[in-house]
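Step one of this worksheet: look at the structure below.
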Amino acid sequence: MAAKGVVGMANKGPSYGMSRQVQDKIDSKYDPELELILVEWISRQCGSGVGRPEAGKMGFQAWLKDGCVLSELINSLFPGDKPVKKIQSSTMAFKQMEQISQFLNAAEKYGVTKTDMFQTVDLWEGKDLAAVQRTLSALGSLAVTKEEGTYQGDSNWFFKKAQENKREFSEDQLKAGKNVIGLQMGSNKGASQEGMSYGRPRQIL
């Protein structure tokens with residue numbers, strides 16, 4: 001009977017039981033205050049042409065669902081060549097998902113890590129809109145951090161990411177570092193087994 005229940009839950013349909021609880025948990029991560037910041041930023045970044053959504057999670061999803069607003073957003077952050085070459089609104093599901101995928105590819109190119117990236121279904125099917133918020137927040141943080149002059153918005157809306165501190169070492173410094181590591185690990189250079197006792201030698205009669 002238990003196996004039957006699992007199969008039933010795996011089939012797509014109304015969310016109930018355990019799957020409903022999981023969905024409620026995901027929904028609870030959605031941040032209405034962050035929604036306001038993201039909408040304000042995207043509107044400023046892309047201009048009045050992208051409009052504004054109805055307040056609330058469903059309005060936010062409907063606004064971004066066809067991928068066009070997202071594509072306009074990512075293009076506005078690139079100072080040179082724009083990564084999304086074609087932005088075209090469509091009512092066809094596969095076209096909308098394709099447009100979202102183009103945004104995700106461009107966002108990764110911009111520097112958003114895979115762990116911060118939402119999946120197409122998270123937005124298109126509304127499975128995890130909190131993940132969409134996370135991706136857009138990561139994008140905003142990168143834009144503020146890069147200081148390329150393309151970011152349009154309040155710099156306090158997003159945290160600046162810690163930038164990698166690349167240090168240049170001379171050959172002498174690298175050699176000194178290797179010596180320290182060798183001493184810590186217990187270097188075997190020049191070591192021998194002389195004086196080491198491994199118990200009594202075996203006597204052959």
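The values are calculated or read from the model by the stated rules, or taken from the named source; none is laboratory data. This one's a predicted model, so the numbers in the text were calculated from it and none came from an experiment. Neighbour counts run over all protein chains shown; Cβ positions are idealised from the backbone, glycine included. The protein model used for the area step is the full one, side chains on, heavy atoms only, and it has no ligands, DNA or RNA in it. Shrake-Rupley method; radii C 1.70, N 1.55, O 1.52, S 1.80 Å.
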*Take each of the peptides 76-84, 57-65, average the number of other beta-carbon atoms within 10 Å over its residues, and list them starting from the highest.*
57-65, 76-84
*Carbon and sulfur together cover what percent of the accessible area of the stretch 23-153 at a 1.4 Å probe radius?*
50
*Which net charge results when you count Lys and Arg as +1 and Asp and Glu as -1 among the other residues whose beta-carbon is under 10 Å from that of Q102?*
+1
*Compute the Cα gyration tensor for the stretch 57-134, then decide on rounded, prolate or oblate, letting a ≥ b ≥ c be the square roots of its eigenvalues: rounded whenever a/c is under 1.5, prolate when a/b is larger than b/c in the other cases, and oblate in all that remain.*
oblate
*Please compute the net charge surrounding S90, taking Lys and Arg as +1 and Asp and Glu as -1 over other residues with Cβ under 13 Å from its Cβ.*
+1
*asked:* I'd like the accessible area for C46: 1.4 Å probe, protein heavy atoms, all chains in place, Å² to the nearest 10.
replied: 40
_Exposure rank, largest accessible area first [S43, S89, S48; 1.4 Å]_ = S48, S89, S43
_Keeping every protein chain present and rolling a 1.4 Å probe, give me the accessible area per residue for the stretch 58-144 in Å²._
44
*Candidate residues W157, W41: accessible-area rank, largest first, probe 1.4 Å*: W157, W41
*State, to one decimal in nm, how far the label point of E40 lies from the label point of F78, with both points 7 Å from Cα in the Cβ direction.*
2.9
_Theoretical FRET efficiency, 1/(1+(r/R0)^6), r = Cβ-Cβ of S48 and T91, R0 25 Å, to 0.05_ = 0.60
